[in-house]
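Accompanying notes for the structure given below.
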Amino acid sequence: MSRSITDLLQYETPDAIVVTTIDGNVLHWNSEAERVFGYARAEAIGQPLESMIVPAGHHDLYMQFRRRAIENGECTFETTRRRKDGSLVHAVVTNKTIVDDQGRPELIVTTQKDVTHLKVLRDAKLVESKFRDLLESTPDAIIMANETGRIVLANSQAEALFGYERGELLGQLVELLLPTRYRGAHVGHRSGYAAQPRTRSMGAGLELYGLRKGGSEFPVEISLSPLRTDEGTLVMSAIRDTTDRKRIERTLQEKNAELQRANQAKDRFLASMSHELRTPLNGIIGFAEFLSDGKPGPLNEKQKEYLGDILNSGRHLLHLINDMLDLVKVQAGKADLCVERFSLPELIQEVCAGMRTIAETKRIEVTVEVAPALDFVTLDRQRVKQILYNLLANALKFTDDGGHVGIGAAPVGNDCFRLTVSDDGIGIRKEDIGRLFTEFEQLETGTARRFGGTGLGLALTRSLTTLHGGVIEVESEFGKGSRFLVTLPLAAGGEGE
């Protein structure tokens with residue numbers, strides 16, 4: 001013969017042949033082993049065989065078959081093996097022990113036949129008979145792969161989604177369906193999943209893209225489900241093309257950005273216009289007060305009445321403009337607290353005095369009850385006054401003539417207190433309570449026409465309460481009255497008294 005037996009074993013045998021020491025270190029590595037496992041002969045010699053080709057989680061099985069070969073002289077089994085690139089192959093393995101002159105085990109000759117293709121055909125036949133009809137009826141693209149990552153079933157939806165003909169995907173690695181940039185990492189993810197298979201719901205995990213046969217990419221969501229069979233564990237992937245959804249999401253994001261810009265423009269406009277309006281309005285109110293005081297000369301009753309109307313309207317409009325400006329500032333995060341120590345009972349009496357005329361006109365009794373232990377607080381005095389003023393104004397507005405409004409203040413715990421404003425007015429329907437604090441909204445158009453208002457007061461009240469780190473709550477029974485509860489810290493920002 002022109003070639004030695006050694007050369008034939010090294011280069012011509014159809015199986016991967018590996019010779020190791022009893023400890024498992026490689027002594028011989030033929031060319032078929034290079035092809036099957038991806039390691040060059042020079043890389044393999046001297047290395048532990050297990051560290052190169054045994055998948056994670058297969059250590060015990062590997063050692064079991066080595067011991068069986070040493071004890072019995074030979075054993076044959078079917079298993080998976082890992083390639084240098086992390087991918088898996090299916091192999092029929094025969095371990096044969098070589099003994100020395102004294103009959104002691106000296107070497108182990110391992111013959112490994114790559115039967116990945118045959119395993120694919122067996123798995124495909126199994127799932128085809130059991131699951132094909134079921135998976136064809138699902139709306140999703142379904143790919144089933146065995147533990148080596150080879151496709152054993154693709155339903156018609158998957159073939160259409162990825163652009164392949166019937167049966168063309170059988171036996172292919174699942175990485176074929178991914179863009180090149182994802183393939184290396186996906187082999188690692190797949191091997192890790194094979195070691196600890198678990199259900200992964202649609203939309204969980206990494207954002208992925210699919211690759212069609214023609215080369216075009218598209219975004220996908222994938223769910224994974226392990227399927228245990230007599231032939232081993234298969235992985236079923238349900239795949240959805242999310243192109244349309246992504247396009248809708250981008251459109252919504254663009255629309256949201258436009259709305260945000262429009263809202264910011266609105267806030268800038270309102271802030272600018274509020275300042276522009278306040279200046280001439282303050283002038284109008286000032287001149288009306290000057291005339292009403294009779295400084296330029298005496299006025300008759302009609303003139304006093306007209307000036308009173310001008311003053312009331314001007315002050316009401318100024319109050320609305322101030323509310324609008326404050327609300328814009330708070331929502332834009334530009335409102336600051338001017339914290340000071342003040343007497344809460346005095347502030348409550350001050351607010352009540354300012355609303356006395358309205359209460360007396362409607363013959364509404366206003367009662368105040370402040371807990372004896374509650375006196376000084378350290379907050380933004382003007383903001384707290386605004387909160388109470390808005391709540392009291394609302395209570396008086398929505399309480400019929402001859403009704404009752406109560407104001408209470410009491411400690412809550414060691415570092416908070418609660419302001420309560422209650423009335424026996426028209427009340428609020430349960431389904432409307434959630435809309436109370438929306439700016440520019442009245443609960444009913446009929447209510448708006450009867451009582452007036454812009455819907456700014458409660459929205460601003462909540463914003464100012466939140467600015468202090470407090471909360472506002474409401475209790476109401478339609479037709480019987482309402483109760484607003486504002487819980488605030490005794491000292492804003494942790495400042496002491």
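The values are calculated or read from the model by the stated rules, or taken from the named source; none is laboratory data. All values reported here derive from a predicted model rather than from experimental measurement. When we count neighbours, we look across all protein chains shown, and the Cβ atoms used for this are built from the backbone with ideal geometry, even at glycine.
Here is how the numbers come out for the structure above:
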read-out	value
Filter result for ARG122 (basic (Lys, Arg), exposed (fewer than 13 other Cβ atoms within 10 Å of the Cβ) and more than 36 Å from the chain's Cα centre (by Cα))	no
Residue match in segment 89-106 (condition: closer than 17 Å to ALA145 by Cβ and of a type outside the set (A, V, I, L, M, F, W, C))	yes
Enumerated helices (runs of 4 or more DSSP H) restricted to segment 377-490, each holding at least 1 residues that are over 30 Å from CYS338 (Cβ atoms) and modelled with pLDDT under 90	445-451
Single unsatisfied condition, GLU147 versus (1) modelled with pLDDT of 90 or more; (2) surrounded by 13 or more Cβ atoms within 10 Å (Cβ to Cβ)	(1)
Members of segment 110-137 found to be β-branched (Val, Ile, Thr) and modelled with pLDDT of 85 or more, listed by number	THR110, THR111, VAL115, THR116, VAL120
Check on GLY38, under 52 Å from the mean Cα position of the chain (by Cα), more than 20 Å from VAL89 (Cβ to Cβ), modelled with pLDDT of 90 or more and of a type outside the set (Lys, Arg)	no
Some residue of segment 245-263 being in a helix (DSSP H, G or I) and at pLDDT below 80	yes
